[in-house]
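A short write-up of the structure that comes next.
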Amino acid sequence: MTEAWGPDDDEPRPHIGPVKVRVPAKINLHLGVGPLRMDGYHELNTVYHAISLFDEITARHGDTLTLTMEGEGTGELLLDETNLIMRAARALAARARVPAYARLHLKKVIPLAGGLAGGSADAAATLIACDLLWGLGMSRDELAEVGAQLGSDVPFLLHGGTALGTGHGEAVSPILARPTIWHWVVAIADGGLSTPAVYRELDTLRAGSWPPPALENADSLMSALRQRNPEVLGAALGNDLQPAALSLRPQLADVLKAGTEAGAVTGLVSGSGPTCVFLAADAAHAHEVAEGLTAAGVCRTVVTARGPQPGARVI
Ligand code: C5P
């Protein structure tokens, strides 16, 4: 790839060649869900963690805006104006007052509606790719502002690493600790779960409980992260959405049990599910757990992953 602007030139200019951006999936190490707000979102205290499952967006110049794809979910994911990639490109173009002309191609690995923020990841990658292709030179904060309108997890996926998320998840602050590499086993289910449906189910499960469940802070998770011990981190992982995901998809209990029986430190539903993630002690242990989980035949695919990973980046 060639740089399109020279050393004497401050102004970003459109990029000539294709721009390729890689973006990770996210899991939530802690997902504290508060009450439903007036705007239809729930207040969150979450700890995001980016893991090594990556989608890739390639952006080229075009006379109009088009989207093609290959990989996971091809034929299932709508590629029309409702797609978050198209919406991200349009939102960025509108903000910058430029025409939304690009040929976008998605290489998809992150499962659809899996609780790994695949849609938000693709939107984040599109913002980075089109910003460079169109020579907008926007800051990551400006892109995050555009992204927050598209999906709660977009600002985090621009950022990556391990970070605290508040508001409805869109307000992200990095966790500055020297990062430890954590090893995960990811159990991908057949079919997805709708995020709004899982939040609605949580509201139903909580209805009538008094006092209303408090929004749990992430302090114990943060202190566990600092101890760099998988057993300690395992004991601190938690997801308020898990009972709701299990209520809508009771088979997930078998997946969690199979992962634990395969020797995982611990397992939990990722975000709104149905993907389940398991913490392993190291890379070799992750492979062992993945083999055991695969043999149990309780999910569609099992992969290993590491975190933290950087957010959406040009490659
Ligand atoms: O922002 P995102 O597109 O991921 O949210 C999808 C839906 O999930 C929202 O429309 C809302 O129904 C639910 N949600 C929520 N509280 C949040 C995040 C999402 O209720 N903090």
Inspect all residues belonging to region 129-140 and state whether any of them is at pLDDT 95 or above and within 15 Å of the ligand (Cβ to nearest atom). no
Filtering region 148-163 down to residues that are more than 10 Å from the ligand (Cβ to nearest atom) and either touching a Pro at 6+ places or on another chain (Cβ under 8 Å) or among the hydroxyl-bearing types (Ser, Thr, Tyr) (or both), which residue is most open to solvent (accessible area, probe 1.4 Å)? 159
Take the residues in region 200-212 that are outside any helix (DSSP H, G or I) and of a type in the set (A, V, I, L, M, F, W, C); name whichever of them is nearest to the ligand (Cβ to nearest atom). 207
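Can you tell me which of 234, 191, 167 is at positive phi and away from the ligand (no atom under 14 Å from the Cβ)?
On the way: 234 fails: at positive phi; 167 fails: away from the ligand (no atom under 14 Å from the Cβ).
191 is the lone residue from the list that is at positive phi and away from the ligand (no atom under 14 Å from the Cβ).
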Members of region 176-204 found to be under 24 Å from residue 120 (Cα atoms), loosely packed, with under 13 Cβ neighbours inside 10 Å and either touching a Cys at 6+ places or on another chain (Cβ under 7 Å) or not hydrophobic (A, V, I, L, M, F, W, C) (or both), listed by number: 190, 191, 194, 196
Considering only region 34-47, state which residues are within 12 Å of the ligand (Cβ to nearest atom) and either among the charged types (D, E, K, R) or open to solvent by less than 70 Å² (accessible area, probe 1.4 Å) (or both). 34, 37, 39, 40, 42, 43, 44, 45, 46
Based on this model, can you work out whether residue 73 counts as within 15 Å of the ligand (Cβ to nearest atom) and either outside the structural domain of residue 214 (by TED's automatic domain parsing) or in contact with a helix residue (DSSP H, G or I) (Cβ under 8 Å, 6 or more places away or on another chain) (or both)? no
Go through region 109-147 and give me each residue that's β-branched (Val, Ile, Thr) and either in contact with a strand residue (DSSP E or B) (Cβ under 8 Å, 6 or more places away or on another chain) or open to solvent by 20 Å² or more (accessible area, probe 1.4 Å) (or both). 109, 110, 126, 128
The conditions are (1) out of contact with any Leu (no Cβ under 8 Å at 6 or more places or on another chain); (2) within 16 Å of the ligand (Cβ to nearest atom), and residue 120 fails exactly one of them. Which is it? (1)
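Within region 2-11, can one find any residue that is in contact with a Leu (Cβ under 7 Å, 6 or more places away or on another chain) and either within 16 Å of the ligand (Cβ to nearest atom) or open to solvent by 20 Å² or more (accessible area, probe 1.4 Å) (or both)?
no
Can you report the number of residues in region 159-188 which are modelled with pLDDT of 95 or more and over 16 Å from the mean Cα position of the chain (by Cα)?
First, pick out the residues of region 159-188 that are modelled with pLDDT of 95 or more: 159-173, 181-188.
Then drop every residue that is not over 16 Å from the mean Cα position of the chain (by Cα), which leaves 167, 181-183.
The total comes to 4.
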For region 215-225, which positions are open to solvent by 30 Å² or more (accessible area, probe 1.4 Å) and within 16 Å of the ligand (Cβ to nearest atom)? 215, 216, 217
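For region 205-214, enumerate the residues that are within 25 Å of residue 48 (Cα to Cα) and open to solvent by 60 Å² or more (accessible area, probe 1.4 Å).
Going through region 205-214, the residues within 25 Å of residue 48 (Cα to Cα) turn out to be 205-206, 212-214.
Those that are within 25 Å of residue 48 (Cα to Cα) and open to solvent by 60 Å² or more (accessible area, probe 1.4 Å): 205, 212, 214.
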Going through region 270-286 in order, the residues found to be closer than 16 Å to residue 53 by Cβ and not hydroxyl-bearing (Ser, Thr, Tyr) are 271, 273, 274, 276, 277, 278, 279, 280, 283, 286
Hits in region 271-315 - residues which are over 27 Å from residue 129 (Cα atoms), assigned to a loop (DSSP other than H, G, I, E, B), of a type outside the set (Val, Ile, Thr) and open to solvent by less than 40 Å² (accessible area, probe 1.4 Å): 272, 273, 274, 299
Note on region 48-86: residues within 18 Å of the chain's Cα centre (by Cα) and among the small types (Gly, Ala, Ser) are 50, 52, 71, 73
Please indicate, with yes or no, whether at least one residue in region 90-97 is within 16 Å of the ligand (Cβ to nearest atom), in contact (Cβ under 8 Å) with a residue 40 or more places away in the chain, surrounded by 16 or more Cβ atoms within 10 Å (Cβ to Cβ) and not assigned by TED's automatic domain parsing to the domain that holds residue 221. yes
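The values are calculated or read from the model by the stated rules, or taken from the named source; none is laboratory data. Only a predicted model underlies this, so the values are computations on that prediction, with no experimental measurement involved. Cβ atoms come from the backbone with ideal geometry, glycine included; neighbour counts cover every protein chain shown. For accessibility, only protein heavy atoms count, side chains too; no ligands or nucleic acids. Shrake-Rupley method; radii C 1.70, N 1.55, O 1.52, S 1.80 Å.
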